[in-house]
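Chemist: Just passing along the structure, written as structure tokens.
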Amino acid sequence: MWLKFEQRTEPSPLMSYLSPAIAVGLMLVSGMALFYVLGRNPFAGFKIFFLNPVKDWYGVSELLLKATPLMLCAVGLSVGFRANVWNIGAEGQFLMGALAAGGVALHFPDSTSPFLLPGMVLAGALGGMAWAAIPAWLRTRFNANEILTSLMLVYVAQLVVSWLVHGPWKDPEGFNFPQTQMFQAKALLPVLVEGNRVNVALFIGMGALLIAWVFMNRSFLGFQMKVAGQAENAGRYAGFSSKRTIWLGMLAGGALAGIAGMSEVAGPVGQITEHISPGYGFAAMIVAFVGRLTPIGIFFSSLLLALLYVGGEQVQQHMQLPSAISNVFQGMLLFFLLASDVFINFRLRRLARRQ
Amino acid sequence: MGLELLTSILFATVMAGTPLIIAGLGELVTEKAGVLNLGVEGMMSVGAVAAFAVAFFTHNYFLAILAGMGAGMAISMLFAVAALTLMANQVACGLALSIFGVGLAAFVGKPLESMSLKAGTPIAIPLLEKIPVLGPALFQQQSLVYFSWVLLAAVAWFLYRSKPGLVLRAVGEAPVAAHAIGYPVVRIRYLAVLFGGAMAGVAGAFMVVFYTPLWVEGMIAGRGWISIALVVFATWRPLRVLVGAYLFGGCMIAQMFVQASGVELNVPSQWLSSLPYLATILVLVLISRNRSNIRLNSPASLGQPFLPDV
């Protein structure tokens, strides 16, 4: 080895912003290599995956539509991740939020109340929080690892959804398909521009970004969370409650994932089925990391991950490749990001040749 | 409850527990070296799809298992490079490996989706197979079931009775000290991660070649994560991995128990299917409740990156 890593005296702020760009670059290069290996023209692949989706306004609106749940989930997760609270069960919290909100919509099929939608948002948040409260409680009370418990609850949530749509909540006039009735018009989020599907949930997402920014940068509680993540012992010495950190981190993630779930069932899906989420809760973790756990970063990285979803669909349509290619790209992106992050704290130094 | 039923329940429990034992023991060795690899789900998925493809096209199950093993090792290298050489956060790297592995398996496996194989033929062990009840349940099993028992003995012997095993544990408990007396910490951790990847790959191969003989996206269904939980449940001791795996195996075939009880239970199948996940949470709670138990038994440097010469 002629090269070795040497610790920087201070983390490089430049690298921490450059690293996502490097990761995206590496992802593009290896993605094109992947197209080549699969016997497709890499440049055509690039064009179909990354440019076609945004070539017109409708494409952009679809991108924003998909970015919304990612943004919501990721901003909630980032609050916990900053404090080293590893909530990886956002997918389950998303589903429970969708169920709670959907339950409200199905329970009031004839309501014309203006409070129906706000009630659904609230129900979604509470549903997600309830599901996130389980790992938070198990962690603070019994010291059970929240990574494993929150993830196990994803599978349980999927089974709960499956049970409800196959059983008690199944649409009696739905030709036996595992799905609920379509929600009534008053229980659907209004779209922003007629003819597009992107809806007001986008503003909820932006609002969440703003609140998260204020919370993390301008509040004492947010400061405590940061300290807990970066210097646990210092936080403990200063008397910051680690239990509160865990609860706050988990509940913030749960609430926003639940609202994201609500925005899907009351938005593009319009009912509850077994396939309300194409893995948004997992992709949101990548969004949070690529966005450097900052609200502004998350805004851009949610667009990027949304592009990976839309691009995957395009590739499926036009190149006959499975849309699971999106997940391959997502995984690559996270790996490259983690790898290039080494340069934040380290630099490469050439070793003198041994004599 | 008839004896035959008891036998078939035991048989199914062993079958369901076997991939958890194999993947769990692999993860145990990895964690004993101080590396927390949360990517078992991804490695199992990739191992499964590789094994399935080879079994589907060659009908050679031995080759298929080797392919699963190779695929698990290959993908674990991604984790190793990021987490060991580049010193990235191990939790994040493990998540990346899980997301990537599950996605890659779904992508590669798309053309093979829902294809099925002829299940491998069981191997009977002479004499032992004649034992009533236990014989047909334990000794007319698939080759990898026997492999899981041999693996248990081998891992226990390696960790506690051999010098390389002692070095591996030293690396996990006190990497700085191990480095100071001249052991290549990072290289040993690489080997431990590779071993974990190999075993996860074999466990994935077991799933597609012997357990369900078919490939469906998402069929690993959290077994990788349960294996990781199993290591905690076992407080990092090999024999307890086996015990725990059979307990979970029992949960996974809960449906059979319900039928066996003869009671017409009107329980939705989804409730029964959620049992293994709920059981995982329950055992984690029971084990972790005792904080000092976890602290004393988990490898001291678990999850910490190591940079030589600092």
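Chemist: Using amide H atoms built in the peptide plane, which far-off residues or other-chain residues are under 5 Å from B:Ile123 H to H?
Modeler: Amide H neighbours of B:Ile123, under 5 Å, 5+ apart: B:Gln141, B:Gln142, B:Ser143.
Chemist: Related question: Residue by residue through region A:13-25, which ³J(HN,Hα) values in whole Hz follow from phi under the Karplus form 6.51 cos²θ - 1.76 cosθ + 1.60 (θ = phi - 60°), with glycine and proline marked x?
Modeler: x, 4, 5, 5, 8, 6, 4, x, 5, 4, 4, 5, x
Chemist: Just to confirm my numbers, what's the Cα centroid distance between region B:8-35 and region A:274-323 in Å?
Modeler: Answer, in whole Å: 33.
Chemist: Taking amide H positions as placed 1.01 Å from N in the peptide plane, with prolines and chain starts having none, which residues 5 or more places from B:Glu217, or on another chain, fall under 5 Å of its amide H?
Modeler: HN-HN under 5 Å from B:Glu217: B:Ser114.
Chemist: Between A:Asn199 and residues 5 or more places away or on another chain, which pairs have amide H atoms under 5 Å apart, with H built 1.01 Å from N, and which residues are they?
Modeler: Placed amide hydrogens put A:Leu192 under 5 Å from A:Asn199.
Chemist: Here is a further query. log₁₀ I(q)/I(0) of region A:66-320 at q = 0.08, 0.13, 0.17 Å⁻¹, via Debye over equal Cα point scatterers, no solvent, to two decimals?
Modeler: Values, matching the q order: -0.31, -0.78, -1.24.
Chemist: Follow-up. Under 8 Å for C-alpha pairs, at least 6 residues apart: give me the relative contact order for chain A, rounded to a whole percent.
Modeler: This gives 37 percent for chain A.
Chemist: Which ³J(HN,Hα) values, rounded to whole Hz and listed in residue order, are derived for region A:239-254 from phi using the Karplus coefficients 6.51, -1.76 and 1.60 in 6.51 cos²θ - 1.76 cosθ + 1.60 with θ = phi - 60°, glycine and proline given as x?
Modeler: Karplus values, whole Hz, x for Gly and Pro: x, 6, 6, 6, 5, 4, 4, 5, 4, 5, x, 5, 5, 4, x, x.
Chemist: Right, another one. I'd like the FRET efficiency for B:Leu307 and A:Lys186, computed as 1/(1 + (r/R0)^6) with the beta carbon distance as r and R0 of 45 Å, rounded to 0.05.
Modeler: The value I calculate is 0.15.
Chemist: Quick check on region A:140-258: take the gyration tensor over C-alpha atoms, sort the square-rooted eigenvalues as a ≥ b ≥ c, and tell me if it's rounded (a/c under 1.5), prolate or oblate.
Modeler: oblate
Chemist: Need the C-alpha centroid separation for region B:127-197 versus region A:163-207, integer Å.
Modeler: Using only Cα atoms, the two centres lie 51 Å from each other.
Chemist: On to the next question. Taking square-rooted eigenvalues a ≥ b ≥ c of the alpha carbon gyration tensor, is region B:115-210 rounded, prolate or oblate, where a/c under 1.5 means rounded and, failing that, a/b exceeding b/c means prolate?
Modeler: Cα axes put region B:115-210 in the oblate bin.
Chemist: Out of A:Ala105, A:Ala260, A:Ala74, any idea which swings most in a Gaussian network model of chain A, alpha carbons joined below 10 Å?
Modeler: Highest fluctuation among the options: A:Ala105.
Chemist: Taking chain A as the reference, fit the longest principal axis to its C-alpha atoms, fit the long axis of helix A:280-290 to the helix C-alpha atoms, and give the angle between the two in degrees, 0 to 90, nearest 10.
Modeler: 30 degrees
Chemist: Just the Kirkwood number for region A:219-355, please: inverse of mean 1/r across all distinct Cα pairs, in Å, one decimal.
Modeler: 18.2 Å
Chemist: With viscosity set to 0.692 mPa s and temperature to 37 °C, compute the Stokes-Einstein D of chain B, Rh being the Kirkwood radius across alpha carbon pairs; µm²/s, no decimals. Intermediate results must be reported in sequence, preceding the final value.
Modeler: Values: Rh = 19.8 Å.
Once the numbers are plugged in, D ends up at 166 µm²/s.
Chemist: While we're looking at this one, here's another question. In straight Cα distance, which lysines are under 26 Å from A:Lys170, not counting same-chain residues fewer than 8 positions off?
Modeler: Those lysines meeting the cut-off are A:Lys186.
Chemist: Further question: Most fluctuating residue of B:Val285, B:Val241, B:Val176 in a GNM of chain B with Cα springs under 10 Å: which is it?
Modeler: Residue with maximal mean-square fluctuation among B:Val285, B:Val241, B:Val176: B:Val285.
Chemist: When the Karplus curve 6.51 cos²θ - 1.76 cosθ + 1.60 is applied with θ = phi - 60°, which whole-Hz ³J(HN,Hα) does each residue of region A:333-348 get, with x for Gly and Pro?
Modeler: Karplus-based 3J(HN,Hα) across region A:333-348 equals 4, 5, 4, 4, 5, 4, 5, 6, 5, 4, 6, 5, 9, 10, 10, 8 Hz.
Chemist: Same structure, new question: Compute the angle between helix B:223-233 and the longest alpha-carbon principal axis of chain B, please, reported from 0 to 90 degrees and rounded to the nearest 10.
Modeler: That works out to roughly 70 degrees.
Chemist: Any chance you could tell me what percent of the C-alpha pair distances in the protein assembly as shown go past 38 Å?
Modeler: Result: 34 percent of Cα pairs exceed 38 Å.
Chemist: Using only DSSP helix segments of four residues or longer, with each worth -39500 (n - 2.57), what per-residue ellipticity at 222 nm results for the protein assembly as shown after dividing by its residue count and rounding to 500?
Modeler: That comes out to -22000 deg cm²/dmol.
Only the coordinates and a few stated rules stand behind these numbers; no lab work does. Just so it is clear, the structure is predicted and the values come from calculations on it, not from any experiment. Every residue, glycine as well, gets a Cβ built from its backbone with ideal geometry; the counts of neighbours run over all protein chains shown.
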